[in-house]
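Taken together, the values in this text are just the output of simple stated rules run on the coordinates, not laboratory data. Bear in mind the structure is a predicted one, so any value in this text is a computation, not a measurement. Cβ placement follows ideal geometry from the backbone for every residue including glycine, while neighbour counts extend to all protein chains displayed.
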Amino acid sequence: MSRIRFHEVVTRDGFQMEPAFVPTDDKVALVDALSECGYAKIEVTSFVSAKAIPMLRDAEEVMGRIRRVPGVEYAVLVPNLRGAERALESRADEMNLVMSASETHNRANLRMGREDSFATLTEVIRRIEGHAAANVSISTAFGCPMEGDVPPETVLGLTERFADLGVRGVTVCDTTGMAHPDQVRALCEAVQRRLPANLQITLHFHNTRGMGLANVLAALQAGIQRFDGSLGGLGGCPYAPGASGNISSEDAIHMLQAMGHETGVDLDRLLAVARTLPGIVGHEVPSQVSKAGPIWQRHPPPAQAA
Ligand code: COA
Ligand code: ZN
């Protein structure tokens, strides 16, 4: 069975749409707890406009205070050069540069057209070379809540242009849970056919319509080995109408482990962290395995059956 690399995004994607500000101390403590769970990568925060995403206005402080565990990569989301300078200052291992496959979502989320984003990110890639790894996340890759269908060729073309600029990886994002498994399989196969084998391809799913784990399975069967997920199934882009939570990390990792895949994540430890999440955000969270327990957990029989 293959080794799967799982990336945790709860303190970035997971928190960015939460209504109540999560105190900086809680964010730092959560990243520190997640660092002990065996993740390959943690996307800690965003260096974006504080007006666009008020929740992540404490990005410098969070990056400055987390305890960095060797072997874990600490990534941050960056939309422009200003964000890249801030991220360099904070010694991020990887910058996750973001733009959309759909013009309308790019304008809603980043307040510029796709070609302006591409030019901006090109500058960022040149600026950070030799200092931090560059990954590009392509939002709305499986459909846009405003435009509808997004042609696979748009995603493939953008991915190819970024690969030509020398980025380490590309994350294909289903921002509002519009992808279905057949579509995922086709796009994953096409990306891998077309792009160089050393380009790291990550899939980023939201469970908005309940297709999240089915899509993980489809991507896995198409040969993908890297996935993003958010603890508790929190998450969503505030500039994508109808957005809701990412796939839950603990549910996805539980499924992968049940199928015999190696993720490097200590699931018991992760479930203990997941159970603290409702207390941090002040409400129940959608994930399931933290409530039901893993399939290998045993219960005592009811008294009358004993
Ligand atoms: N970090 C912090 N502040 C930033 C910034 C960055 N990376 N980029 C711009 N700003 C500030 C500017 O200094 C300016 O501040 P001021 O109003 O106090 O002068 C303000 O933001 C607007 O700057 P401008 O260059 O005109 O940007 P904009 O208003 O066109 O917004 C983005 C562009 C990209 C900065 C903004 O849309 C953004 O941060 N989007 C990210 C959204 C996001 O994270 N979505 C979810 C993840 S997919
Ligand atoms: Zn997302």
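Since only M1, F47, A29 are under comparison, the one whose Cα sits farthest along the positive direction of the charge dipole of the range 1-51, derived from C-beta charges on Lys, Arg, Asp and Glu, is M1.
Roughly how many whole Å is it from the C-alpha centroid of the range 266-289 to that of the range 91-142? Rounded to whole Å, the Cα centres lie 30 Å apart. Between H299 and D25, the FRET efficiency estimated from the beta carbon spacing at R0 = 51 angstrom works out to 0.90. Each DSSP beta bridge with both residues in the chain is either parallel or antiparallel, and the antiparallel ones are about 5%.
Among V76, V167, V22, the ranking by other beta carbons within 10 Å of each residue's beta carbon, starting with the fewest, stands as V22, V167, V76. Near L97, the amide H atoms lying under 5 Å from its own belong to V78, N135, V136, S137; only residues 5 or more places off or on other chains count, and H is placed 1.01 Å from N. Modelled label positions at E284 and R65, each set 7 Å beyond Cα in the direction of Cβ, lie 3.1 nm from each other. Looking at the range 80-151, the DSSP beta bridges with both ends there are about 10 percent antiparallel. For H206, H254, H7, the sequence from fewest to most other C-beta atoms within 10 Å is H7, H254, H206. What FRET efficiency comes out for A292 versus A214 if R0 is 22 angstrom and r is the Cβ-Cβ distance? Round to the nearest 0.05. Calculated transfer efficiency: 0.75. Measuring nothing but how far apart in sequence close Cα pairs (under 8 Å, 6+ apart) lie, relative to its length, the chain scores a relative contact order of 20 percent.
Comparing mean-square fluctuations of G229, G212, G282 from a GNM of the chain with C-alpha springs under 10 Å, the top value falls on G282. The trypsin sites (Lys or Arg not before Pro) of the range 1-110 meeting both criteria, a DSSP state outside H, G, I, E and B (loop) and at most 14 other C-beta atoms within 10 angstrom of the site's C-beta, are K51, R67, R91.
Just tell me which lysines come within less than 23 Å, Cα to Cα, of K41; anything on the same chain fewer than 8 places away is out. The reachable lysines, counting only those whose Cα sits under 23 Å from K41, are K27. Of R127, R185, the sequence from fewest to most neighbouring Cβ atoms within 10 angstrom is R127, R185. Within the chain, the longest run free of exposed loop sites, counting GluC sites (Glu not before Pro) that sit outside DSSP helix and strand states (H, G, I, E, B) and have at most 16 other Cβ atoms within 10 Å, spans 148-283.
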